[in-house]
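Just below is one structure, and these are the notes that go with it.
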Amino acid sequence: MPDFNGAGPVPRRFPLAILGAGALGLHFASRLAPVVPLALIARSANRAADLAAGVGVGGHDFQPTVFSPPSVPEADWVLILVKGPDTEAAGRLAAGMAPRGVLSLQNGLTEPALRSVCPAGRVGQGITTAGAYRDGARVVPTADGTTLLPPGFEPVAAWLVEAGFEARISPAIAAERLAKLLVNVAINPLAAIFRVTNGALLAPPHRVLLDALVDEAWPVLRREGLALDLGAAREWVAEVAARTGANRASMLQDILAGRATEIETITGALLAMAAAQGVVLPTHEAVRTLVRRLEGGTPPPPPIALASRA
């Protein structure tokens, strides 16, 4: 039986489901639940039971309507907010929910993997600069950011706006995804390696490495359709780092929690593009090696302070 928090019978179908009950999934769910009937899908029955009892999100207690596999409801729209390594499993679960559309707001480039397991219906990937992290059992939202969705997901965009997020449909979503990938390949690995918040990357000694990663990635992404010149690309990454200055990047959260990171769906996606273009990106290769080492190699050094210097 699914875990259900609320009175009355369990709905068989919801307008919206969020697949992924991590910090960002809970941030979105807590804001959207008052706007639209929403099913939150947790990774396990134990996690669902914990969440059904209530979870603190941004200083408020949130009691979601929560389910766990394999007992999940149907949903018109499914929002994917799991980690990159879990994309295909999440896509298969979403496909079984008979949705009108499946939308990823994950880091990296995950749409091809979702399409491979969701052959029917509308599948798309948007981007978000919203941020949140876990502090013990609580979720701390750090930024609402901006959320851009591909055409065809207008109902989801409308719910996000009603929930107070800055959200809109972007006809140029492919170029926007490349701009988000640029942000991720620069900020996420460095935050994980140095164990600092996003804003700290704008100060010495990290800023020189941040710029180096942007400069090395830019020609590859530009050939793929990135709409920013090099100066604008540097400014964009710095602006996001400043705007999300207090945020603990998702890759940093994974390293601190001892989980696998999204390095392959982020830096790995960039390196695959570079290989297809016949280009070598030694700085990005180096940070991928370092992050992989932190994931499962020798024990990492003790964490440094996570104070923002944005």
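The values are calculated or read from the model by the stated rules, or taken from the named source; none is laboratory data. Predicted, not measured: the structure shown is a model, and the values here were computed from it. All Cβ positions, glycine included, derive from the backbone under ideal geometry; neighbour counts span all protein chains shown.
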### Task
Only residues in the stretch 267-289 that are without any contact (Cβ under 8 Å) to a residue 24 or more places away in the chain count as the first member; pair them with residues that are part of a helix (DSSP H, G or I) and among the hydroxyl-bearing types (S, T, Y), Cβ under 9 angstrom, at least 6 apart or cross-chain, and list the lot.
E285/T267
### Query
For the stretch 35-44, does any single residue satisfy the condition of being touching a Ser or Thr at 6+ places or on another chain (Cβ under 8 Å) and closer than 26 Å to G245 by Cβ?
no
### Task
Give me a count of the residues in the stretch 151-160 that are surrounded by 14 or more Cβ atoms within 10 Å (Cβ to Cβ) and without any contact (Cβ under 8 Å) to a residue 40 or more places away in the chain.
2
### Message
Of the residues G121, G126, G164, only one is farther than 24 Å from V279 by Cβ, modelled with pLDDT under 95 and not assigned by TED's automatic domain parsing to the domain that holds R234; which?
### Response
G121
### Summary
When restricted to V196, V214, the only residue at pLDDT 95 or above and either basic (K, R) or not in a helix (DSSP H, G or I) (or both) is V196
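Which of the following residues is buried (at least 22 other Cβ atoms within 10 Å of the Cβ), touching a Lys or Arg at 6+ places or on another chain (Cβ under 8 Å) and either in the same structural domain as R122 (by TED's automatic domain parsing) or within 13 Å of F14 (Cα to Cα) (or both): A75, A42, A48, A29?
A75
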### Query
For residues in the stretch 230-267 being surrounded by 24 or more Cβ atoms within 10 Å (Cβ to Cβ) and either touching a Cys at 6+ places or on another chain (Cβ under 8 Å) or outside any helix (DSSP H, G or I) (or both), which is modelled with the lowest pLDDT?
N247
### V156 under 28 Å from L103 (Cβ atoms), of a type outside the set (D, E, K, R) and assigned to a helix (DSSP H, G or I)
yes
